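The values are calculated or read from the model by the stated rules, or taken from the named source; none is laboratory data. Computed from a predicted model, the values in this text were never measured in an experiment. No Cβ is skipped: glycine too gets one built from the backbone with ideal geometry, and neighbour counts run over all protein chains shown. Ligands, DNA and RNA are excluded from the accessible area calculation, which covers all protein heavy atoms including side chains. Shrake-Rupley method; radii C 1.70, N 1.55, O 1.52, S 1.80 Å.
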Amino acid sequence: MIDILSRFGTSLLIGQFPHGPLGGIALTVVMSAVALLCAFPFAVGVAMARTSPIAAVRRLAAVYVYFVRGVPLLLLIFWAYFVVPLVTGVGTSATVTVICALVAYEGAYLGEAIRGALEALPRGQVEASRSLGLGYWSTSTYVVLPQVLVSCLPSMVNQFIILVKDTSLASLVGVHELTFSANQINAQLLTQPLEVYALLAAAYFVLCFALSRLSQFLESKIARIRSGSTGSAAVVAIAEAI
Amino acid sequence: MIQFSGVEKRYGGYLALRGIDGEVARSEVVVLCGPSGSGKSTLIRTVNRLEAIDKGTIKVEGVDVRDECQNRLRARIGFVFQQFNLFPHISALRNVTLAPVLLGKWPKREARERALHLLNRVGLGSLADRYPSQLSGGQQQRVAIARALAMEPPVMLFDEPTSALDPEMVGEVLAVMKGLARDGMTMVCVTHEMGFAREVADKVWFMAEGKVLERASPTEFFTAPSHPRTRNFLAAIRAA
Amino acid sequence: MTFAILEQADIWRLFATGLRLTAELFVFAAILGFGFGAALTALRQSNRWAAPLVIGFVEYHRNVPSLVQLLVWYFAVPQVLPAILRGWIEQNLDGFVFAIVALSLNAAAYISEDLRSGFRTLPKGQFEATEALGLSRFQALRLVLLPQAVRACFPALVSQTLSLFKATTLAMAIGVGELMYVARRIDGQTYATFAAFLVPTIMYLCCTLAIMFGGERMQRRLVATGADSR
C-alpha cells in the first residue's frame, strides 16, 4: 500500500496538475464545492417557490422537486449530457456537465432542507414584518432568510458530504476525479485491487467523516447560541457573512 | 378613525365574526374583552388585513381597507403582538429602524438617532444595542411597541400585549401604553387587564361568540353591565 | 430527436429485460437490507461487544460513496478470499450477486440507524410496562416496541427504500445489464439519445413516485390508526 501511495499519491491527490488537468481528490472537492455554491442560490429559490403565496409557483416547484427526487442521479447526469449543450449552445466538458447535473439535483434536495427551515420559522416573524408595511421581498430578504439560512448551515455541510460522495458517479462518464483515478491505477497494476480500493475507500472516509464532525459541531454551536443569550452577535455575524 | 360595518369572518364552517358594527373615534382608547374564542383577536387582525374578511367593510380614516395597497395600509397601523415577535437576528435598535429605513420614511443617517429617541420613550435607550434574546419579556414588548411607533401610525392595535409576560413585567408595558393614550394615540387593545381598562379606556367593548354584546364606558361597564354574559364574565374574572 | 427506434420490438424487449433486472436487484437487496438492518439494530442494542463493530459498519457505509462500496465488493473482496473460493466465485458469480450484496449492506447500515432512532423515541415507560406485564423480551419487541419504533421512523424507511431503488443504477458500473445499462447501450448503438433516455426516465419515475406516494399514504394510515398522538 505504501508503494502505491509513493507511486500514485500525487495523481490520487491532484491528478496531473499543474502539468495537466486537475484530478483526484482535489477535483472531487472542487467539483463538490462549485456544485454546492451554484446550487445554493438556486435552492433558496426552489424553497421560496415551494412556500410561495402563488399556488401555480408552488405547484411548479413541487413538480420539479418530485421529478428530481424520483430520478436516479446517474440518469440526471446522462440527461445533462443531452440537455446542457442544447440549452447553452456550446459543447461543455464532462466536468462541467456533471456539475450542472449536481446543481439541478442539489437544488431540489438542499431546497427541501431550506423549505423545512422556512416552515419551522414562527409565523409571527412574517406577520410582524408584514404588519410594519414591509412587502414580500423585503420580508424575505431582511427577516426570513437571514434567520433561516443560519439554521440551514449544518444541513449545508451534510449536503456537501453527499456531493463529495455523489461526484464518484462522474467517474462513469470519464471525469478524472478520485474514483476514476483509482480505477485507472487498478487497471495499471492489475494485481493489487484490494490495496487500491481500500485506499480509495479510506480517502473518502477520512474526507466525509471529518466533514460530518464539522456539521455536528456547527449544529451544537447553533443550538447553544439559540438557547443562550450571550452569542446572538455570532448568529448575526454568520447571517451577515452569508 | 376605524369603522366596522357588518364584518363577518369564517374559518371553514365556523363563523368567527358574526356581523360586527362599530366605530373607534380619533384619540379614543377602546379595550376589547371577552372570553377566549370570542373573536377579539380575529377582529383586530382584520383591521390590518392579517385576516381577510368575508363580508362587510372596515374603513380606516375613511378608506376601505380592501381598496388600499396592503403594505401602505399596514404601514399606517401599528400592531403589537402577544408574542412580541421581535426579529431575533438584529439588535433592538435595528428592529426599530428596519421598516422606516427600508420604506424610505427615515433617512439612513438619522435612523439611529430617531430610533434612540423612540427607545428612550419606552425607557430602553440604554439597551438599544442588545439583541432580543438578551432582553426580558417586558423589555422585548416595549421594543416591539417602539418598533410599531417608528412608522408613525395614527392607530395602534394591541393583541393581548401582556398575556405572555411574567406578572412582574406587566406593569412596565402597561405604563408605556398609558403614556401613549395620554399623548392622544388612537388605540384598540385586546386585553384581560381590567385595571388598564378602568383607568385608560374610553370605551370597553365586550365580545362573545363573534359578536359585540356590549359597548360602554368603563365606569358603566364595571358597575352596571347590562348584558347577562358580561355579568358572568366579570364575575369569573373577579373570582380568579 | 427521433422516436423511430421505439417502433422496434427488439428495443422494447431490451428495456423490458433491463427493467426486470432492476426490479430483481431492488427486491432482493430490499429484503436482505431490511432484514440485516433490523438484525444490526438488535445486535447493537443487546450486545455490548458488538456495538463498536456495528458503529464501524454504519460509519463506513455512510462515509464512503455507494459506488466505491460496490467496486470494493466486486474487485477487492474476492482478492482476500482463499484461492479455491476465488476460483469458484469467478466461475459462478457475476456482477449481479455482488451488486445485491453491496446494495443490501449499504441499505442495512442506513436502515439500522433509522430503526435505532425510532427506538429512541419510545418513552421509557413502554419498556417498563412490558416488563410489568411479564412479556418476554422477544414478545415485548415484536408486539409492543417494534411496531411503535417502525411507526416513528416510517418516513425515513420510505426514503431509504427510495434511495435503494435509485442506487440499483450503480450496478451498471460492474456490468449488470439493468435498465440504466440498457439505456446507455441503446443510446450508444442508435444515437437516439432522447428516446433512449426518455423511456427509462418514465419507467424510473413510475416506480419512484409509486414508492413516494405509496409511502405517504401508508404513513397517513399509520398516523390515523396509531394510538400514539405524537
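Quantify how strongly other chains surround peptide C:161-174 by giving the mean number of their Cβ atoms within 10 Å of each of its Cβ atoms.
The mean count of partner-chain Cβ atoms within 10 Å per residue comes to 3.
The stretch between residue B:202 and residue B:237, if pulled fully straight at 0.36 nm per residue, gains 10.6 nm over its current Cα-Cα span.
Applying 1/(1 + (r/R0)^6) with R0 = 25 Å to the Cβ-Cβ distance of residue A:205 and residue A:42 gives a FRET efficiency near 0.30.
Based on protein heavy atoms only, segment C:4-226 ends up with 51 Å² per residue of surface accessible to a 1.4 Å probe. Prolate is the label for segment C:107-230. Its Cα gyration tensor axes, ordered a ≥ b ≥ c, give a/c of at least 1.5 and a/b above b/c. With a sphere of radius 13 Å drawn around the Cβ of residue A:118, what net charge do the other residues whose Cβ falls strictly inside it have (Lys, Arg +1; Asp, Glu -1)? Overall, the nearby charge balance is +2.
Note on the protein assembly as shown: antiparallel DSSP beta bridges, both residues inside, total approximately 55 percent of the bridges counted.
Counting only protein heavy atoms and using a 1.4 Å probe, the accessible area of residue C:46 comes to about 80 Å². Figure note: B:226, A:220, B:126, A:155 ranked by solvent-accessible area, largest first, 1.4 Å probe, ligands and nucleic acids not counted: B:126, B:226, A:220, A:155. Relative contact order of segment B:111-193: 31 percent, from C-alpha pairs under 8 Å at least 6 residues apart in sequence.
Put +1 on the Cβ of each Lys and Arg and -1 on the Cβ of each Asp and Glu in chain A; which of A:96, A:75, A:125 then has its Cα farthest toward the positive end of the dipole? Ranked along the dipole, the leading option is A:125.
Sorting the segments B:179-190, A:59-70, C:95-106 by their mean number of nearby beta carbons within 10 angstrom, highest to lowest, gives C:95-106, B:179-190, A:59-70. Counted by Cβ distance under 14 Å from residue B:16, the other residues give a net charge of +3, where Lys and Arg count +1 and Asp and Glu count -1.
Helices from chain A with mean Kyte-Doolittle at least 1.0 and a Cα length along the axis of 30 Å or more, per DSSP H: which? Those that pass (Cα extent of 30 Å or more, hydropathy at least 1.0) are A:24-50, A:94-120.
First compute the accessible area of the protein assembly as shown with a 1.4 Å probe, then give the percent of it belonging to carbon and sulfur atoms.
60
Residue A:205 contributes an accessible area of around 60 Å² to the protein surface, as traced by a 1.4 Å probe with all chains present. Between B and A, roughly 2100 Å² of accessible area is buried in total, ligands, DNA and RNA not counted and the probe set to 1.4 Å. Among B:98, C:6, the sequence by solvent-accessible area, most first, with a 1.4 Å probe is C:6, B:98.
Of A:221/B:105; B:40/B:105; B:40/B:178; B:55/B:105, which pairs sit farther than 27 Å apart, going by alpha carbon to alpha carbon?
Cα-Cα > 27 Å for A:221/B:105; B:40/B:105; B:55/B:105; rest within.
If both residues of a DSSP beta bridge must be in chain B, then about 55% of such bridges are antiparallel.
For chain A, relative contact order (Cα pairs under 8 Å, six or more residues apart, normalised by length) works out to 25 percent. With a ≥ b ≥ c the root eigenvalues of the C-alpha gyration tensor of chain C, is it rounded (a/c under 1.5), prolate (a/b larger than b/c) or oblate? In terms of gyration-tensor shape, oblate.
Once you order the gyration tensor axes a ≥ b ≥ c over the Cα atoms, which shape class does segment B:1-87 get: rounded for a/c under 1.5, otherwise prolate or oblate by comparing a/b with b/c? Cα axes put segment B:1-87 in the rounded bin.
Within the listed set B:46, B:162, B:223, the Gaussian network model of chain B (springs between alpha-carbon atoms below 10 Å) gives the highest mean-square fluctuation for B:223. In chain B, a dipole from Cβ-located charges (positive for Lys and Arg, negative for Asp and Glu) runs towards its positive end, and of B:38, B:210, B:111 it is B:111 whose Cα lies farthest in that direction. Between the residues A:171, A:187, A:66, the greatest Cα displacement towards the positive end of the dipole of chain A, with unit charges on the Cβ of Lys, Arg, Asp and Glu, is found for A:66.
Suppose every K and R has +1 on its Cβ and every D and E has -1 on its Cβ; what is the size of the dipole of segment C:1-95 about the Cα centre, in Debye to the nearest 20?
In debye, rounded to 20, segment C:1-95 gives about 440.
Which one of B:224, B:148, B:216 has the biggest mean-square fluctuation once chain B is modelled by GNM with Cα springs under 10 Å? Of B:224, B:148, B:216, the Gaussian network model singles out B:224 as fluctuating most.
Within 10 Å of each Cβ in peptide B:137-145, how many partner chain Cβ atoms are there on average? Round it to a whole number, please. Please list the in-between numbers first.
Details: counts 0, 0, 0, 0, 0, 0, 0, 1, 0.
The shielding value for this peptide is 0.
Placing +1 on each Lys and Arg Cβ and -1 on each Asp and Glu Cβ, with no other charges, gives chain A a dipole about its Cα centre of roughly 620 debye.
Remark: relative contact order (segment A:73-200) = 21 percent; criterion is Cα-Cα distance under 8 angstrom and separation of 6 or more residues. Accessible area ranking (1.4 Å probe, heavy atoms, ligands and nucleic acids excluded), largest first, for C:88, A:79, C:49: C:49, C:88, A:79. Estimated from helical segments only, the mean residue ellipticity of the protein assembly as shown at 222 nm is -20500 deg cm²/dmol, where each DSSP H run of four or more residues counts as -39500 (n - 2.57). Summing Cβ point charges (Lys, Arg +1; Asp, Glu -1) relative to the Cα centre of the protein assembly as shown gives a dipole of roughly 1060 debye. Counting Cβ atoms of other protein chains within 10 Å of each Cβ in A:166-179 and taking the mean gives 3.
Once you list every other residue whose beta carbon is under 9 Å from the beta carbon of residue B:205, what net charge do they have if Lys and Arg are +1 and Asp and Glu are -1?
Local net charge: +2.
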